[in-house]
Amino acid sequence: MGPVELLHMSVFSQSFSPCGRFLAASNNYGEIAVFSLSSSLSPEATGINQKPILTFTAHEGPIFALLSTDAHLLSAGNGEISAWSWAELAKRNCFPPLRSSLEIPEINDMIVNCRDNSLAVGGGDNNIHIMDLETGVFKSVLQGHTDYIHCLSMREREGELLSGGEDGAVRIWDCRTGQSVHRLEVYKYEECARPQYGKWISCLTTDSDWMLCGGGPSLSLWHLRSLSPTSIFPLSGCQRQAMFYQDLILSVGEGHFLSHCLLGGDVKSLIPCSPPSLNTVALNTNSTEHRVLTVGGSSDQIDVFTNLSYKAFSLSF
């Protein structure tokens, strides 16, 4: 890959292997890189250990979503989902994957519903498509958004799926019936609204009765039983991904900072990262030995945090 491509690279998504020893990351050129966390975290690690053990072209065009199941890495490009065997990727093999075609532009997010072993897929046709992971067959479509879908989240205990989109709505779906049970238009809440950034919802995550969402509107914490915002975070720019972590909220978006926020709404710290703008933050919960936080964005560098306060080193595509 030439210097021009590296200059314009964006890392959009990342996923840890089920064993927690590997990290997969995807970029705007349709490539997937697989990194060995065990070798990059070893005390003897050198620069070569921070490069991928395997890089391959998986899709034509950008890969916006990666997701790991018990045995596979799922990758989504325009209208196509591929399943790669983690056992093979770990051996540096990228055998032709299982592919499933979905005639929609831009698949932006995927999430597994463990209750019925299905995959929910959201993207450019404004709908959520539900696929049976056993058979690879798409079995239903959830319709309601009026513009394309950016992000999905599961409330496992309640059997609910949440979706956020370009239309400014967060919808809550009953997975059993496929019906939309609530619609929150976040930009209509004065304390969240930022008309200068638009109304689109680009990040969404849930933790039992709580939801985080943001994008055009400010990143905000919502109580899902009362469907009301309880904290608004004064972060600049559009947030692209956020997560709950212990008693903190971690968020990335425009600008080169990983934000640590307190649940009450205060920003505790802003940690500088290598990419000038950030798209993705992921925490490796699959292995205590390799428990790292990784951040990627508009660069070929993926920052690795072994503790939350500073970057330990960077992996590079």
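General remarks:
- Extension gain for THR230-GLU156 works out to 24.4 nm (0.36 nm per residue, less the C-alpha to C-alpha distance).
- Length-normalised contact order for the stretch 58-107 - Cα pairs under 8 Å, 6+ apart - percent: 33
- Cleavage-rule hits (trypsin sites (Lys or Arg not before Pro)) in the stretch 1-102: DSSP loop, at most 13 neighbouring Cβ within 10 angstrom: LYS91, ARG92
- FRET efficiency, 1/(1 + (r/R0)^6) with R0 35 Å, evaluated for VAL181 and LYS268 via beta carbons: 0.55
- Separation of the stretch 133-151 from the stretch 178-244 is 21 Å, based on Cα centroids.
- Gained length - VAL141 relative to ALA45, 0.36 nm times residue gap less alpha-carbon distance: 29.9 nm
- Relative contact order of the chain: 12 percent, from C-alpha pairs under 8 Å at least 6 residues apart in sequence.
- Note on the chain: with charges restricted to the Cβ of Lys and Arg (+1) and Asp and Glu (-1), its dipole about the Cα centre is near 420 debye.
- Taking packing as the residue-averaged number of other Cβ atoms within 10 angstrom, the listed peptides 168-174, 110-116 run from highest to lowest as 168-174, 110-116.
- Projected label points at GLU103 and ASP247, each 7 Å from Cα along the beta carbon direction, are separated by 5.4 nanometres.
- Each of SER118, THR135, SER42 was placed along the dipole of the chain (beta-carbon charges, centred on the mean Cα), and the one lying farthest toward the positive end is SER42.
- Per-residue [θ]222 nm for the chain (sum of -39500 (n - 2.57) over DSSP H runs n ≥ 4, rounded to 500): -1000 deg cm²/dmol
- Placing +1 on the Cβ of every Lys and Arg and -1 on the Cβ of every Asp and Glu, with nothing else charged, gives the stretch 144-270 a dipole about its Cα centre of roughly 60 debye.
- A Förster radius of 45 Å combined with the Cβ-Cβ distance from SER208 to ALA87 puts the calculated FRET efficiency at roughly 0.85.
Throughout, read-outs are computed from the coordinates displayed, never taken from laboratory work. Being a predicted model, the structure only gives us computed values, none of them experimental. Positions of Cβ are backbone-derived with ideal geometry, glycine not excepted, and every protein chain shown enters the neighbour counts.
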